[in-house]
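Laboratory data are not the source of any read-out in this text; all were calculated from the coordinates shown. Quick caveat, the model's predicted, so the values are computed rather than measured. Methodologically, a virtual Cβ is constructed for each residue, glycine included, from the backbone with ideal geometry; neighbour enumeration extends over all protein chains shown.
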């Protein structure tokens, strides 16, 4: 399943990339085609922090993201990075006292504020918000030269802390005019069209999202129940690990289980991200038969590896679950395994095993793979190595298939 996002560079006076604006895209067509701005913003945020990874998209530079009034007033900013996200207020937001107070609050959290497609008017509240604005974007297709001159005079005379950004600059004449009149940042087709960036995503099981949300709404959510429910869904498990890597509260220690991942992210943050992801995923997703089979195989491997470890009294049986779960992640995402593992906060033992190195976990995964391929001699070899009888292996395989069918 492919995921798309648009990324257009914003240049400084030296024509170096200063930042990127991230744009909603639903396919390879390079234009906006979603009437619901809330959905578009949720989609951009989910893709930035989960599908692609904010580090990969931003390359260490600020990212401009459009925010509607609904999203501006929401608690979503607790999950974002003030260092990387520039809050771009859409032009249709009506400036009110509540909006000004919210912008002031976000400034206090370290966010930079940009006004999109700005045009002058006589609203006194609009002038009040200028105290907290860092960047004003002026649309060179929309604003006349007279309007642009008025904006430049206002900023130069009364708000010198504000940086002017010329957007939709399409000719060398417009670029030269903007530089001559105090603009410091530039964006438009004259420099570069938005680039469509594509990645592969694991298809989501929306019902599983709702099951986790229901568990989180309980008075005292059970971490073990949450972990077991998330483990039933490969998409959720993968996204949870990606979130930990993208979170401003990123941990130094690697996780060895989904339970550890939940504790690391925190129940409140998990609940907020699930709402973001659910809002975004509430559309029909077509999943190929091949992808369904690969995901089902991953679940069977995960359950089998965990069951084998439990049989042997393994204390870290959740690590065994993870090596099975992510043993086909490169096939699902269509990317080199080492690149994927670099973006997941997995323990060294899990990473080494998935990379094919000899580890204490490796025989368990190899036994399960040999069982899939009906390689009798290799099954015997690995069964003897981990000291599990054939009768127990067959029973576990039956139970793993049954479990995978129930949850997927």
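Rounded to the nearest 10 degrees, what's the angle between the helix 376-386 long axis and the longest principal axis of the chain, both from Cα atoms, 0 to 90?
Approximately 80 degrees, to the nearest ten.
Sticking with the crude label model, points 7 Å out along Cα→Cβ, report the distance from residue 127 to residue 267 in nm, one decimal please.
Going by the 7 Å Cα→Cβ label model, 5.0 nm.
Would you mind getting me the FRET efficiency between residue 94 and residue 391? Use the beta-carbon distance for r and R0 = 56 Å, nearest 0.05.
Given R0 = 56 Å and the Cβ-Cβ separation, E is 0.20.
Please give the peptides 42-49, 398-405, 181-188, 335-342 ranked by average Cβ packing (other Cβ atoms within 10 Å per residue), highest first, as a rough proxy for protection.
Packing proxy ranking, top to bottom: 42-49, 181-188, 398-405, 335-342.
Helix 289-311 sits at what angle to the longest principal axis of the chain, using alpha carbons and giving 0 to 90 degrees rounded to 10?
Between helix and principal axis, roughly 60 degrees.
Treating each Cα of the range 289-407 as an identical point scatterer and ignoring solvent, apply the Debye formula and state log10 I(q)/I(0) at q = 0.11, 0.22, 0.23 Å⁻¹.
-0.33, -1.34, -1.43
Enter the Cα centre distance for the pair the range 203-245 and the range 332-363, rounded to the nearest angstrom.
After rounding, the separation between the Cα centres reads 22 Å.
P(r) for the chain, please, calculated from all Cα pair distances in 10 Å bins and given in %.
Calculated P(r), rounded to whole percents: 4, 20, 27, 20, 14, 9, 4, 2, 0.
How high is the FRET efficiency between residue 372 and residue 312 when r is their beta carbon distance and R₀ equals 35 Å, given to the nearest 0.05?
Values: r = 20 Å, r/R0 = 0.58.
Calculated value: 0.95.
Multiplying the sequence separation of residue 401 and residue 149 by 0.36 nm and subtracting their Cα-Cα distance, what value in nm do you get?
On the way: separation 252, 0.36 × 252 = 90.72 nm, distance 6.93 nm.
Length gained between residue 401 and residue 149: 83.8 nm.
Given contacts defined as C-alpha pairs under 8 Å and at least six residues apart, what's the relative contact order of the range 2-199, whole-number percent?
Once divided by the residue count of the range 2-199, the mean separation gives 23 percent.
What ranking do 197, 213, 276 get, fewest neighbouring Cβ atoms within 10 angstrom at the top?
213, 197, 276
What is the pair-distance distribution P(r) of the range 2-199, computed from all Cα-Cα distances in 5 Å bins starting at 0, with each bin given as a whole percent?
With a bin width of 5 Å, the distribution comes to 1, 7, 16, 20, 21, 17, 12, 5, 1, 0.
Can you put 303, 131 in order of Cβ neighbours within 10 angstrom, beginning with the fewest?
131, 303
Quick one: 201, 306, fewest Cβ neighbours within 10 Å first, how do they rank?
201, 306
Over the chain, calculate the relative contact order: mean separation of alpha carbon pairs under 8 Å at least 6 apart, over the residue count, as a percent.
Worked out over the chain, it gives 15 percent.
Counting only helical runs of four or more DSSP H residues, what would the 222 nm mean residue ellipticity of the chain come to if each run contributes -39,500 (n - 2.57) and the total is spread over all its residues?
-15000 deg cm²/dmol
May I ask you to derive the FRET efficiency for residue 36 and residue 109 from their Cβ-Cβ distance with R0 = 22 Å, giving the value to the nearest 0.05? Mind showing how you got there, number by number?
On the way: r = 27 Å, r/R0 = 1.21.
Using R0 = 22 Å, I get an efficiency of 0.25.
Can you tell me the order of 225-237, 385-397 when each peptide is scored by its average per-residue count of other Cβ atoms within 10 angstrom, highest first?
Top of the packing list down: 225-237, 385-397.
I'd like the orientation of helix 390-407 relative to the chain: the angle between its Cα long axis and the longest Cα principal axis, in ° from 0 to 90, rounded to 10.
Helix 390-407 sits roughly 30 degrees off the main axis of the chain.
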